[in-house]
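The structure appears below as structure tokens.
Nothing in this text is a laboratory measurement; each read-out follows from the coordinates by a stated rule. Computed from a predicted model, the values in this text were never measured in an experiment. Neighbour counts run over all protein chains shown; Cβ positions are idealised from the backbone, glycine included.
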Amino acid sequence: MYQPQTRPAPTMPLRGAPGSPAAPEIPLPPEPQSIEQTGLTSSFIADLALKTLYLRGQMTMAELSTALGLPITNVIDKTMEFLKGERLVEIRGGSGLSAASYQFVIIDRGSEKAQEALARSQYVGKAPVPLASYLEAVKRQTISNISVTQEELAHAFAHMVIPRETLSQLGPAVNSGKSIFLFGPPGNGKTTIAEVLVSLLRGEVVLPYAVEVDQQVIKVYDPVYHRAALDPVVADRLRFDHRWVVSKRPIVMTGGELTLETLDLIYDETSKFYEAPFQMKANGGIFMVDDFGRQRVSPKDLLNRWIVPLEKRVDYLTLHTGKKLEIPFDMLIIFSTNLDPADLVDEAFLRRIRYKIGIEAPTVAQYEEIFKRMCARKQIEYRADAMSQILAHYRRKNLGLRSCHPRDILEQLTDTARFLGRPAQLTPDLIDMACESYFVSLDPSGSPQGA
């Protein structure tokens, strides 16, 4: 858990709704003032320092401090003093009077000890934080603190053509911080909607690079999903516990690769440490299961796995020793599918997914508005007769309108014009060539809505 310190910890604001007087702040974890305040044992830190030195070669005390995310005073200096006293490392010079410049190298007996430590765990990096500290941080910066207004929602979706009724459903769903089921035909913006929702999750979170429990390491930080919110130079100047990183709220998107195994702690028999599962990396943000129903795990098995997390907002993960850990399930979880919900899950499961929002195919008027916007974006002059020509292709091939089609048709037209050495314009021949090479009618899906 975060330890008290003699000076105030720097803070970063967790921004609530504009003008909100009760917007809380996220305090940056204070820099530990001793080995005891790190929450780790001295032997754990010594092993980590030894492994780091073994793999990287000669390092200054300052470099070790940066590599482990721990302060020199009363932590790294005490650790290196211990390793030197045990004749595992030695000093090979330094520049100046500061202990931070001392150059340490590992010696023969230290190499043996480092290899023994690597055999127990190959984790090398920022020192982990105790599990209790992680649990406290997730609770303090819960997604439940986030709320959006009608104006904010409308502004976020201004670049999309989306019915007002859909927005009126999305707003309460986001404010709930629970679960959303987006369903409807493919190509109508379900994934884009999820990405826009992320922009509404204002503020930052602090999360650890790794978590320690029973001397086991669980790697949490993942640059694929966690976007650093502080410039590294600025972060280095701030006095806080550098085992933590300030990140924008995460978005974790998974598709067909999702399995039950990836929803539990992933233990590597070779490296002997754990990778946090998707939902643990998504805490404080959004977890989207895209193309729900097309995973290698069945929808029934997946939702059986998540019955407790969806209702209780806690998840249970298991170490390879058999010990179970209770981990917060604090995220806006979105299921997105183009399959019929009735074919995927039964009523009991749908009840546990709070908000069910249909994302339907656009009407002709909405389609035309999307087409106009895409023309403007691609600097192609819009023509009303071009719209009639394109709709004729839909009727002839018995196809349904999709929100993604205007963008795709214009890109197809641009590619064709470039090949022919002509400017990209909505001429009848270029439109026909683009539509003929884009549309297929192997599986008719109905006539255009509103035609």
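Structural remarks
- Working note: 222 nm ellipticity from helices only, DSSP H runs with n ≥ 4, each -39,500 (n - 2.57), summed and divided by the residues of the chain, gives -11000 deg cm²/dmol to the nearest 500.
- Efficiency of FRET between Q122 and K378 - r from beta-carbon atoms, R0 35 angstrom, step 0.05: 0.10
- Cross-link pairs beyond the 24 Å C-alpha cut-off, checked among K190/K324; K51/K78; K51/K272; K281/K323; K139/K272; K78/K139: K190/K324; K139/K272; K78/K139
- Computed over region 41-127: relative contact order in percent, which uses C-alpha pairs under 8 Å that are six or more apart: 39 percent
- Among the GluC sites (Glu not before Pro) in region 51-109, those located in a DSSP loop and surrounded by at most 14 other Cβ atoms within 10 Å of their own Cβ are E86.
- Hz values of 3J(HN,Hα) by residue in region 132-139 - Karplus curve (6.51, -1.76, 1.60), Gly and Pro given as x: 4, 5, 5, 4, 5, 5, 4, 5
- The chain - share of DSSP beta bridges that are antiparallel (%, nearest 5): 55 percent
- Rounded to the nearest 10 degrees, the angle from helix 42-56 to the longest Cα principal axis of the chain is 70 degrees.
- Low-density loop cleavage sites - trypsin sites (Lys or Arg not before Pro) in region 326-356, where at most 11 other Cβ are within 10 Å (DSSP): none
- Net lengthening on full extension, R294/A154 (0.36 nm per residue, minus Cα-Cα): 47.2 nm
- Filtered trypsin sites (Lys or Arg not before Pro), region 63-158: DSSP coil and at most 12 other beta carbons within 10 Å: R87, R92
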